[in-house]
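For reference, the structure is listed below as structure tokens.
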Amino acid sequence: MMDNKVLAKKWWHNAVVYQIYPRSFCDANNDGIGDIAGIISKLDYLQQLGINIIWLSPVYKSPMDDNGYDISDYQDIAAEFGTLAEMENLIAEAKQRDIQIVMDLVVNHTSDEHPWFVEAKKSKDNPYRDYYIWRQPQADGSAPNDFHSYFGGSGWEFDATTGDYYFHQFSKRQPDLNWENSKVQAEVHNMMNWWLDKGIGGFRMDVIDLIGKEIDQKVMANGARLHPLLQEMNKATFGHRDALTVGEAWSATPEIAKLYSDPARNELSMVFQFEHITIGWHPQHGKWEPQAFDLIKLKKVFTKWQTELADNGWNSLFWDNHDLPRAVSKYGDTGEFRVESAKMLATALHFLKGTPYVYQGEEIGMTNVRFDSIDDYQDIESLNLYYERTAAGVPHEKMMEGIYANGRDNARTPMQWNNEINAGFSTAKPWLKVNPNYTEINVQAALNEPDSVFFHYQKLIKLRKEQPIMTYGQYIPLLEDHPDVFAYLRAQDDDRIVVLNNFSAKKVILSLPAEVQYIKGQSLISNYQSHHSLTDEITLQPYESFAVAYKQPVA
């Protein structure tokens with residue numbers, strides 16, 4: 001008998017999330033920057049795709065030092081994105097299409113232009129001083145310790161007015177909030193409830209694993225206070241509202257992820273973990289020195305997370321987002337087999353157990369970009385690290401290769417709607433250059449091609465709603481040591497789905513494992529010809545991928 005623990009069903013269990021990076025999605029007022037009105041104009045397109053949730057990267061008021069992840073007012077909208085009334089209209093228009101809006105919650109830090117920080121800098125006895133993290137200089141006037149910012153340089157910035165340093169894990173214009181202060185907690189909870197009362201479906205929580213930091217113990221992530229803080233947040237805000245909550249947790253292990261997402265603990269719905277991403281990074285130099293792709297390593301990570309969170313948690317499933325390179329460039333093929341490999345990657349991910357996330361443009365197979373000059377890039381992280389590392393002796397060419405492979409602007413080039421000027425994103429000069437391949441890769445072309453990557457995604461999203469086994473079935477790995485093929489079973493009672501994915505640009509002759517030999521069933525999806533039955537051997541075409549549903553008698 002299969003041991004399938006029955007989870008309490010949630011509305012988001014069989015949903016598919018679509019992430020929008022507003023600055024790059026659609027520009028309705030033609031100022032070169034995407035906006036809320038542009039998103040509203042594309043809701044019918046997203047409804048056609050079939051998604052039920054939009055995760056909206058930040059649209060709050062912000063000086064845009066880090067493209068909106070530096071918030072100066074949590075309860076207002078940045079002028080370049082629109083107005084609060086337009087945001088309310090987006091929530092309402094999306095609901096009419098059975099789409100929930102999930103807001104990006106950025107509460108590890110604020111902008112240095114947030115009124116709290118403006119006040120906090122005025123004096124050491126200001127009522128808002130303790131909203132942030134301050135330390136005195138060392139005897140020689142230097143920073144309190146050697147903490148580094150994730151964006152390069154020191155994690156401390158000197159404030160001449162009061163003679164102290166404030167702490168920032170990202171840009172110096174993103175001071176960290178002091179979550180030990182109960183007033184900070186209450187302010188954030190009130191703001192969250194304000195948005196939930198407006199009808200949003202939940203929150204994606206930016207670097208949420210950092211809010212329990214213990215500065216003096218040099219603990220940045222997963223501090224002892226993290227989970228109590230999240231339980232308090234759950235109780236004070238979304239816990240009774242059946243909202244979707246997903247925490248960004250770069251430091252998460254399966255054990256830690258269970259703490260977040262076990263329903264019995266009343267914390268979050270799920271977390272984003274990034275182990276499948278970071279295995280491709282250099283141990284010392286990180287993403288700026290990409291390592292060769294290793295499918296066996298990738299499969300081990302997927303299998304670990306699928307297995308560990310099977311009964312006491314929930315997985316987020318994603319290849320890319322606004323911080324990561326384009327999936328087809330990282331794992332697939334951008335040349336002859338771009339379409340086939342994009343479909344394969346979609347199939348491999350969407351049949352796993354968890355909630356799939358589609359990043360804007362992924363559904364048409366958008367690719368990384370190679371701009372000629374560093375001056376064409378806008379991302380603060382890429383620019384800071386480029387100048388810091390080239391000054392330290394890293395060759396320009398080597399740093400550019402790292403940016404080409406893993407820089408965040410790969411995901412942020414404007415959405416490619418058609419083959420007209422600026423890919424139909426805007427008639428004005430876009431804030432970031434368009435990928436030159438927009439003339440071939442665009443939404444209009446995809447919608448005019450019945451066999452496009454778009455319609456493959458549409459079918460996968462529809463299947464998830466029709467096939468409960470995709471949501472609740474057990475995951476069973478197959479061919480774990482095969483260097484080119486990612487294969488697995490989903491199992492629920494006597495229902496089975498076998499999923500085979502060739503991650504290589506060559507044909508692969510595959511001896512099938514005994515569990516799936518001589519089966520007959522229904523072809524659910526494929527990117528070459530349909531498969532209804534299997535024998536003991538199969539030849540997979542380059543990047544071939546398919547799923548077959550069949551019945552197996554319960555022993």
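Within the set of pairs 6+ apart or on separate chains, which have a first residue in segment 522-542 that is assigned by TED's automatic domain parsing to the domain that holds LYS506, a second that is in a loop (DSSP other than H, G, I, E, B) and among the β-branched types (Val, Ile, Thr), and C-beta atoms under 9 Å apart?
SER533/ILE519; LEU534/ILE519
Looking at (1) touching a strand residue (DSSP E or B) at 6+ places or on another chain (Cβ under 8 Å); (2) in the same structural domain as LYS122 (by TED's automatic domain parsing); (3) not β-branched (Val, Ile, Thr), find the lone condition where GLY152 falls short.
With (1) touching a strand residue (DSSP E or B) at 6+ places or on another chain (Cβ under 8 Å); (2) in the same structural domain as LYS122 (by TED's automatic domain parsing); (3) not β-branched (Val, Ile, Thr) applied to GLY152, the lone miss is (1).
Taking GLU362, is it within 24 Å of ASN442 (Cα to Cα), among the acidic types (Asp, Glu) and in contact with a Leu (Cβ under 9 Å, 6 or more places away or on another chain)?
Working: within 24 Å of ASN442 (Cα to Cα): yes; among the acidic types (Asp, Glu): yes; in contact with a Leu (Cβ under 9 Å, 6 or more places away or on another chain): yes.
Yes, satisfied.
Do any residues in segment 174-196 that are assigned by TED's automatic domain parsing to the domain that holds ASP65 and surrounded by fewer than 17 Cβ atoms within 10 Å (Cβ to Cβ) have Cβ atoms under 8 Å from those of residues that are at pLDDT 95 or above and in a helix (DSSP H, G or I), where the two are at least six apart or on different chains, and which pairs are they?
none
Determine, yes or no, whether GLU449 is within 23 Å of GLY50 (Cβ to Cβ), without any contact (Cβ under 8 Å) to a residue 60 or more places away in the chain and not basic (Lys, Arg). Break it down into steps so the answer makes sense when it comes.
Working: within 23 Å of GLY50 (Cβ to Cβ): yes; without any contact (Cβ under 8 Å) to a residue 60 or more places away in the chain: yes; not basic (Lys, Arg): yes.
Answer is yes for this residue.
Which condition from (1) within 25 Å of ILE91 (Cβ to Cβ); (2) surrounded by fewer than 16 Cβ atoms within 10 Å (Cβ to Cβ); (3) not polar (S, T, N, Q) is the one that GLY202 breaks?
All conditions pass for GLY202, except number (2).
Here is a yes/no grid of residues against (1) within 30 Å of TRP55 (Cα to Cα); (2) buried (at least 19 other Cβ atoms within 10 Å of the Cβ); (3) at pLDDT 95 or above:
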| position | (1), (2), (3) |
| --- | --- |
| LYS122 | no, no, yes |
| PRO127 | no, no, yes |
| TYR131 | yes, yes, yes |
| GLY152 | yes, no, no |
| ALA160 | no, no, yes |
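Looking at segment 270-325, which of its residues are surrounded by 17 or more Cβ atoms within 10 Å (Cβ to Cβ), of a type in the set (Gly, Ala, Ser) and without any contact (Cβ under 8 Å) to a residue 60 or more places away in the chain?
Listed by number, the residues that qualify are GLY280, GLY313.
Quick one: how many residues across segment 23-50 are outside any helix (DSSP H, G or I) and within 20 Å of ARG412 (Cβ to Cβ)?
Going through segment 23-50 one residue at a time, the tally reaches 11.
What about MET415, is it touching a residue at least 60 places away in the same chain (Cβ under 8 Å), in contact with a helix residue (DSSP H, G or I) (Cβ under 8 Å, 6 or more places away or on another chain) and crowded, with 18+ Cβ neighbours inside 10 Å? I'd like the intermediate steps shown before the answer.
Details: touching a residue at least 60 places away in the same chain (Cβ under 8 Å): yes; in contact with a helix residue (DSSP H, G or I) (Cβ under 8 Å, 6 or more places away or on another chain): yes; crowded, with 18+ Cβ neighbours inside 10 Å: yes.
So MET415 passes the test.
Need the failing condition index for ILE525 against (1) over 34 Å from the mean Cα position of the chain (by Cα); (2) under 14 Å from ASN501 (Cα atoms); (3) among the aliphatic types (A, V, I, L, M), just the number.
Of everything listed in (1) over 34 Å from the mean Cα position of the chain (by Cα); (2) under 14 Å from ASN501 (Cα atoms); (3) among the aliphatic types (A, V, I, L, M), ILE525 misses just condition (1).
Give segment 458-483 a look and list any residue that's assigned to a loop (DSSP other than H, G, I, E, B) and either buried (at least 17 other Cβ atoms within 10 Å of the Cβ) or under 24 Å from the mean Cα position of the chain (by Cα) (or both), or say none. Full working, then the answer.
So in segment 458-483, the residues assigned to a loop (DSSP other than H, G, I, E, B) come out as 467, 473, 479-483.
Of everything in segment 458-483, those that are assigned to a loop (DSSP other than H, G, I, E, B) and either buried (at least 17 other Cβ atoms within 10 Å of the Cβ) or under 24 Å from the mean Cα position of the chain (by Cα) (or both) turn out to be GLN467, GLY473, LEU479, HIS482.
Does segment 93-146 hold any residues that are assigned to a loop (DSSP other than H, G, I, E, B), within 15 Å of GLU157 (Cβ to Cβ) and of a type in the set (A, V, I, L, M, F, W, C), and which are they?
Those that are assigned to a loop (DSSP other than H, G, I, E, B), within 15 Å of GLU157 (Cβ to Cβ) and of a type in the set (A, V, I, L, M, F, W, C): ILE133, ALA143.
Would you please list the contacts, defined by Cβ atoms under 6 Å and residues six or more apart or on different chains, that run from a residue in segment 358-376 that is at positive phi to a residue that is among the aliphatic types (A, V, I, L, M)?
Short answer, once both residue conditions are applied: GLY361/MET415; GLY365/VAL328; GLY365/ALA342; GLY365/VAL453.
Only one of MET64, MET87 is of a type in the set (A, V, I, L, M) and in contact with a strand residue (DSSP E or B) (Cβ under 9 Å, 6 or more places away or on another chain); which?
Numbers: MET64 fails: in contact with a strand residue (DSSP E or B) (Cβ under 9 Å, 6 or more places away or on another chain).
Step by step, each of MET64, MET87 is checked, and only MET87 is of a type in the set (A, V, I, L, M) and in contact with a strand residue (DSSP E or B) (Cβ under 9 Å, 6 or more places away or on another chain).
With a cut-off of at least 1 residues that are closer than 17 Å to GLN19 by Cα, name the helices (runs of 4 or more DSSP H) lying wholly within segment 330-437.
Details: elements: 338-350, 380-391, 396-406.
Answer list for segment 330-437: 338-350.
Between a first residue in segment 499-514 that is in the same structural domain as HIS532 (by TED's automatic domain parsing) and a second residue that is among the charged types (D, E, K, R) and exposed (fewer than 15 other Cβ atoms within 10 Å of the Cβ), which pairs have beta carbons less than 9 Å apart while being 6 or more apart in sequence or on different chains?
ALA505/GLU336; ILE509/GLU537; LEU510/GLU537; SER511/ASP536; SER511/GLU537; LEU512/ASP536; LEU512/GLU537; ALA514/ASP536
Just for segment 88-107: of the residues that are within 19 Å of the chain's Cα centre (by Cα) and not acidic (Asp, Glu), which one is surrounded by the fewest Cβ atoms within 10 Å (Cβ to Cβ)?
Of segment 88-107, the ones within 19 Å of the chain's Cα centre (by Cα) are 99-107.
If we keep only those that are not acidic (Asp, Glu) as well, we get 99-103, 105-107.
Numbers: ILE99: 20, GLN100: 22, ILE101: 23, VAL102: 22, MET103: 25, LEU105: 25, VAL106: 27, VAL107: 24.
Checking each candidate, the answer is ILE99.
All but one of (1) more than 17 Å from the chain's Cα centre (by Cα); (2) assigned by TED's automatic domain parsing to the domain that holds TRP319 hold for LEU352, so report the exception by its number.
LEU352 satisfies every listed condition except (1).
Scan segment 154-206 residue by residue and report those that are polar (S, T, N, Q) and under 23 Å from PRO228 (Cα atoms). Write out each step before concluding.
Keep residues of segment 154-206 that are polar (S, T, N, Q), which gives 154, 161-162, 169, 171, 174, 178, 181-182, 185, 190, 193.
If the condition is that a residue be polar (S, T, N, Q) and under 23 Å from PRO228 (Cα atoms), then GLN169, ASN178, ASN181, SER182, GLN185, ASN190, ASN193 are the ones that fit.
Which residue pairs have Cβ atoms under 7 Å apart, sit 6 or more places apart or on different chains, and have a first residue in segment 380-402 that is under 18 Å from GLN291 (Cα atoms) and in contact (Cβ under 8 Å) with a residue 40 or more places away in the chain and a second that is buried (at least 16 other Cβ atoms within 10 Å of the Cβ) and of a type outside the set (Val, Ile, Thr)?
The qualifying pairs are MET399/TRP288; MET399/TYR386; MET399/ARG389; GLY402/LYS287; GLY402/TRP288; GLY402/GLU289; GLY402/PRO290.
Taking the criterion of being of a type in the set (Val, Ile, Thr), assigned to a loop (DSSP other than H, G, I, E, B), more than 18 Å from the chain's Cα centre (by Cα) and over 22 Å from TRP195 (Cα atoms), would at least one residue in segment 65-87 satisfy it?
Filtering segment 65-87 down to residues of a type in the set (Val, Ile, Thr) leaves 71, 77, 83.
Subset that is assigned to a loop (DSSP other than H, G, I, E, B): 71, 83.
Checking the rest, the ones that are also more than 18 Å from the chain's Cα centre (by Cα) come to 71, 83.
Remaining after also requiring over 22 Å from TRP195 (Cα atoms): none.
No: segment 65-87 contains no residue that is of a type in the set (Val, Ile, Thr), assigned to a loop (DSSP other than H, G, I, E, B), more than 18 Å from the chain's Cα centre (by Cα) and over 22 Å from TRP195 (Cα atoms).
The values are calculated or read from the model by the stated rules, or taken from the named source; none is laboratory data. Remember, predicted model here, so these are calculated numbers, not experimental data. As a convention, Cβ positions derive from the backbone with ideal geometry for all residues, glycine included, and neighbour counts pool all protein chains shown.
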